[in-house]
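This report refers to the structure that appears directly beneath it.
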Amino acid sequence: MSKLRGESFSDEEGSDYITEPKSERLPALPTDPYAAAIDSDVLQLGSIVETQERFDPCMDDLLGKGMLLAGSQGTGKSNIIGLVARSAGQIGMPFLIIDFKGEFYTLTDVVPNGIVAGHPDASDQFSGGFFPLTSENTAELAQILMEGPFQVILDVPSYNGDNDEVAAVIANLLHALMDWSKDIKRQGGDPWPCLVITDEAHNFLPERKPLSALVMQRPDESFGSMTKAYSRMANTGRSFGYTLLLATQRLPNIAKWSIANLQTKVILAHAEKNDLNACEVETGGLVDKEVIKRLQQGTGVVMGFTHDPIIVHFDKQLARHVSVTPKVAHLKKQFSHSRSQQQDISKFMSTKYQSSLAVNEYVNTPVEPVNDRECPVNIHEGEETINDQNTPKFTPEQSAEVLKAYGILLKSGQAPTRNALRIWLYENVSKAWNTSQKNYDVFKAICDEYGL
Ligand SMILES: Nc1ncnc2c1ncn2[C@@H]1O[C@H](COP(=O)(O)OP(=O)(O)OP(=O)(O)O)[C@@H](O)[C@H]1O
Ligand SMILES: [Mg+2]
């Protein structure tokens with residue numbers, strides 16, 4: 001174990017995996033109002049709204065039961081993950097956070113052995129310990145995570161949209177963790193507890209594939225392997241030490257089987273009718289929709305730790321919260337000197353961004369509907385197909401790449417309106433329509449420009 005706490009960690013073959021690991025357990029932060037509770041085995045969560053008493057359940061009451069965190073955007077799910085993770089870290093418990101949005105790396109400041117795992121090319125984006133993770137070396141990370149023990153943040157955005165690799169990494173890592181514990185048991189040992197936390201879990205475990213924001217080249221294979229790995233952990237992980245926590249914005253979008261076994265639940269505010277209905281089902285009808293609708297940010301109904309549901313106001317986590325909602329005051333501060341100035345857009349545009357300028361023009365210009373037969377890309381609700389009549393000369397591989405890029409653009413919200421982008425694609429692509437390489441180059445340029 002001590003070999004994990006040196007200048008760098010080397011495995012038996014001698015290859016370096018982690019640089020600059022956090023070596024010692026951090027002292028309680030001076031600003032921590034609950035410092036006294038550190039090193040006791042509690043989950044420091046918050047206070048009961050009705051009585052103002054602290055609500056810091058025993059960590060053991062979570063282990064093996066699992067937790068569902070459900071709430072609309074901005075209601076405080078990630079904040080709660082931060083609280084749970086910090087409490088686990090303070091006890092020295094290993095955890096894995098599957099970080100869909102890349103917002104939890106700051107937790108490495110408040111847990112003793114926190115590291116980020118991500119695509120090997122992303123190593124210089126993180127200042128602390130980093131594990132370059134591919135689908136090939138997940139067993140090494142699983143061993144380090146459990147034996148360190150380390151608190152690992154798996155940074156999904158570092159894979160830059162290669163979501164088939166993300167799926168393979170997650171599936172292999174979950175299996176590797178299970179296999180590690182299985183080996184320990186076979187050798188007569190007892191594995192110790194580990195939390196496996198997935199934020200925005202509906203993207204990894206969607207009720208139906210189109211409900212995930214992850215665009216895959218091989219969706220059947222990729223979702224299939226993730227589902228198998230999560231299912232193995234959800235169904236048999238308890239006795240191997242694993243406790244699943246799944247957070248989601250949309251209860252109807254997450255696979256029902258995946259949340260069926262989670263026995264503790266935090267339901268934060270929801271507004272949409274289907275979501276509220278799903279919340280009522282989740283609480284077994286014990287909590288009224290009106291109560292859920294009116295919950296304030298950071299306040300939720302907690303079930304599973306106590307006999308009856310209770311309403312808890314959660315603490316604000318100590319780690320710097322990356323996913324804050326930018327407010328008008330910040331905008332005013334940033335641009336106070338130039339608020340009334342008319343800006344010349346061309347000053348901001350390098351040649352590299354000429355095509356985005358073209359896109360912007362289309363966004364701002366009212367557009368006529370395009371005749372489907374003239375347009376090289378046919379767009380139907382939820383799917384994109386190349387129109388054969390215009391005989392684009394893409395190879396199947398090129399087509400797949402183009403459609404992937406286009407799909408990601410639409411889903412990421414970076415793209416202008418569907419119709420405007422369609423015209424833009426038509427005009428730009430059809431000019432070079434007879435030269436397949438040029439078509440391909442245009443789409444590659446789109447990908448590069450948007451950092452896809
Ligand atoms: N208990 C709390 N006390 C104070 N502020 C909070 C609390 N919970 C959340 N916030 C603040 O609310 C904002 C949104 O919180 P958070 O990112 O946790 O929401 P979320 O439900 O994860 O949102 P999303 O679905 O968009 O990921 C953040 O600025 C956070 O600091
Ligand atoms: Mg969040």
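All conditions in (1) touching a His at 6+ places or on another chain (Cβ under 8 Å); (2) open to solvent by 10 Å² or more (accessible area, probe 1.4 Å) hold for S212, with the sole exception of (2).
Apart from one condition, I292 fits all of (1) in a helix (DSSP H, G or I); (2) open to solvent by less than 60 Å² (accessible area, probe 1.4 Å); (3) under 28 Å from V166 (Cα atoms); the exception is (3). Take segment 266-276 and flag every residue that is open to solvent by less than 60 Å² (accessible area, probe 1.4 Å) and not hydrophobic (A, V, I, L, M, F, W, C). Those that are open to solvent by less than 60 Å² (accessible area, probe 1.4 Å) and not hydrophobic (A, V, I, L, M, F, W, C): H270, D275.
When each of A139, A168 is tested for being in a helix (DSSP H, G or I) and surrounded by 18 or more Cβ atoms within 10 Å (Cβ to Cβ), the lone residue that passes is A168.
In segment 193-220, which residue that is touching a residue at least 60 places away in the same chain (Cβ under 8 Å) and part of a loop (DSSP other than H, G, I, E, B) is farthest from M59 (Cα to Cα)? Within segment 193-220, the match that is farthest from M59 (Cα to Cα) is Q217. The residue that is most open to solvent (accessible area, probe 1.4 Å), among those in segment 142-165 that are in a helix (DSSP H, G or I) and in contact with a Gly (Cβ under 9 Å, 6 or more places away or on another chain), is P157.
Taking segment 60-81 as the range and being over 21 Å from W180 (Cα atoms), more than 10 Å from ligand 2 (Cβ to nearest atom) and touching a residue at least 60 places away in the same chain (Cβ under 8 Å) as the test, the residues that pass are D61, L62, M67, L68, A70, S72. Within segment 87-102, the set of residues being away from ligand 2 (no atom under 16 Å from the Cβ) and not small (G, A, S) comprises Q90, I91, M93, P94, F95, L96.
Among the listed residues S356, S350, S338, S323, identify the single one that is open to solvent by 30 Å² or more (accessible area, probe 1.4 Å), more than 16 Å from ligand 1 (Cβ to nearest atom), of a type in the set (S, T, Y) and modelled with pLDDT under 90.
Details: S356 fails: open to solvent by 30 Å² or more (accessible area, probe 1.4 Å); S338 fails: open to solvent by 30 Å² or more (accessible area, probe 1.4 Å); S323 fails: more than 16 Å from ligand 1 (Cβ to nearest atom).
On inspection, the qualifying residue turns out to be S350.
Return yes or no: is V302 open to solvent by 10 Å² or more (accessible area, probe 1.4 Å) and either assigned to a loop (DSSP other than H, G, I, E, B) or at pLDDT 95 or above (or both)? It is false that V302 is open to solvent by 10 Å² or more (accessible area, probe 1.4 Å) and either assigned to a loop (DSSP other than H, G, I, E, B) or at pLDDT 95 or above (or both). Picking from residues in segment 78-109 that are open to solvent by less than 10 Å² (accessible area, probe 1.4 Å) and part of a loop (DSSP other than H, G, I, E, B), the one that is farthest from D56 (Cα to Cα) is F104. When A260 is tested against (1) surrounded by 15 or more Cβ atoms within 10 Å (Cβ to Cβ); (2) modelled with pLDDT of 90 or more; (3) not charged (D, E, K, R), only condition (1) is not met. In the condition set (1) surrounded by fewer than 23 Cβ atoms within 10 Å (Cβ to Cβ); (2) within 15 Å of ligand 1 (Cβ to nearest atom), I197 is compliant with all but (1).
When segment 221-254 is filtered for residues that are over 16 Å from the mean Cα position of the chain (by Cα) and in a loop (DSSP other than H, G, I, E, B), the ones remaining, listed by number, are G237, G241.
Conditions (1) open to solvent by 80 Å² or more (accessible area, probe 1.4 Å); (2) in contact with a strand residue (DSSP E or B) (Cβ under 6 Å, 6 or more places away or on another chain); (3) under 28 Å from V166 (Cβ atoms); (4) away from ligand 2 (no atom under 16 Å from the Cβ), marked per residue:
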position: P206; (1), (2), (3), (4): no, no, yes, yes
position: R218; (1), (2), (3), (4): yes, no, yes, yes
position: T227; (1), (2), (3), (4): no, no, yes, yes
position: R250; (1), (2), (3), (4): no, no, yes, no
position: A255; (1), (2), (3), (4): no, no, yes, yes
position: T264; (1), (2), (3), (4): no, yes, yes, yes
position: A278; (1), (2), (3), (4): no, no, yes, yes
position: G284; (1), (2), (3), (4): no, no, no, yes
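Only residues that are open to solvent by less than 40 Å² (accessible area, probe 1.4 Å) and in a helix (DSSP H, G or I) were counted in segment 120-136, giving 1.
Applying the condition of being of a type in the set (S, T, N, Q) and open to solvent by 10 Å² or more (accessible area, probe 1.4 Å) to segment 236-248 and asking which residue is nearest to ligand 2 (Cβ to nearest atom) yields T236. Taken over segment 45-68, the residue count meeting the criterion of being under 23 Å from the mean Cα position of the chain (by Cα) and either near ligand 1 (Cβ under 8 Å from one of its atoms) or farther than 17 Å from T243 by Cβ (or both) is 0.
The values are calculated or read from the model by the stated rules, or taken from the named source; none is laboratory data. Nothing here was measured: the structure is a model prediction, and the numbers come from that model. A quick note on method: Cβ atoms are made from the backbone with ideal geometry, for glycine too, and the neighbour counts reach across all protein chains shown. Each accessible area value is taken on the protein alone, full model and side chains, heavy atoms only, with ligands, DNA and RNA left out. Shrake-Rupley method; radii C 1.70, N 1.55, O 1.52, S 1.80 Å.
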